[in-house]
1. Roughly to the nearest percent, how much of the accessible area of the chain is carbon and sulfur, given a 1.4 Å probe?
2. Kirkwood Rh and Cα-based Rg: tell me the resulting Rg over Rh for the range 40-108, rounded to two decimals.
3. At 1.4 Å probe size, with every protein chain present, just tell me what the per residue accessible area of the range 1-68 comes to in Å².
4. Per 5 Å bin, what is the whole-percent P(r) computed from every C-alpha pair distance within the range 28-72?
5. Starting from the eigenvalues of the Cα gyration tensor, five times each then square-rooted, give me the equivalent ellipsoid semi-axes of the range 57-207, largest first, whole Å.
6. Within the P(r) computed for the range 86-127, what percentage of the Cα pairs occupies the region above 17 Å?
7. Per Stokes-Einstein, at 20 °C and 1.002 mPa s, what whole-number D in µm² s⁻¹ belongs to the range 1-58, with the Kirkwood radius over Cα pairs as the hydrodynamic radius?
8. Suppose every K and R has +1 on its Cβ and every D and E has -1 on its Cβ; what is the size of the dipole of the range 1-67 about the Cα centre, in Debye to the nearest 20?
Amino acid sequence: MHQWLVRYIEIKNAINEIYMGNTEVHLDEKRYKGSLNSMAIQVNDIAGGLSNAIQEKLKSERLKTELITNVSHDIKTPLTSIINYVDLLKKEKMPNEQAEEYLNILDNKSQRLKRLTEDLIEASKIQTGNVSLKKEKINVIELIRQAVGEFEDKFSKKGLNTIIDCKQNEIFIFADSRYMYRIIENLFSNISKYALENSRVYIDIDI
């Protein structure tokens, strides 16, 4: 009875290990008799199945990340050529206002596609942990005011009135200014898309 209890506790502990995320658990099935042997076999099958599922998931994530990176780079090469040709055309005299308008649209769309492509590459780097942050002392209020200025036209078209509440002129944080600005830019982009028209946008900045 004592030996049966010891074996039972071993199986119980193995199940608990699996529950805690350790899928490398393996019981020596020969050490267990009767119903405990069946339980040991099932525990090994569960651990093995979970381990295989995790490995397949990781493999799938790696393949997805590699695909995103490769496709992004494939897009980036011809896109760079398009942007360069647009820059050359902007230096030429357009035959009429409509042609100039089309050129401006092409310029805006190509620049947006460039940003999206860069974001995809950055996202794939973050997923694989292959990203380096350049932390520096930055004034977050300055970043927010810069974003307000850049989105002024979009906010104005929707009748959005920006109200900034900040009792200080400077609030410094240590962060990567590029990624920090992207976070702020993404928030403002969502506001410009989904905020109720002719309403207010309240921005409270505090520490």
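The values are calculated or read from the model by the stated rules, or taken from the named source; none is laboratory data. All of these numbers come straight from a predicted model, not from anything done at the bench. Using ideal geometry, Cβ is built from the backbone for each residue, glycine included, and neighbour counts are taken over all protein chains shown. Each accessible area value is taken on the protein alone, full model and side chains, heavy atoms only, with ligands, DNA and RNA left out. Shrake-Rupley method; radii C 1.70, N 1.55, O 1.52, S 1.80 Å.
1. Working: 8240 of 15410 Å².
Roughly 53 percent, rounded to a whole number.
2. Values: Rg = 25.2 Å, Rh = 16.4 Å.
For the range 40-108, the value is 1.53.
3. Working: 5130 Å² over 68 residues.
So the range 1-68 comes to 75 Å² accessible per residue, rounded to a whole number.
4. 5, 21, 14, 13, 10, 9, 9, 6, 6, 4, 2, 1
5. Details: eigenvalues 176, 150, 46 Å².
Whole-Å semi-axes of the equivalent ellipsoid: 30, 27, 15.
6. Numbers: 386 of 861 pairs.
The proportion of pairs with Cα distances above 17 Å equals 45 percent.
7. 183
8. Details: 9 positive and 9 negative charges, 25 e Å.
That gives a dipole near 120 debye.
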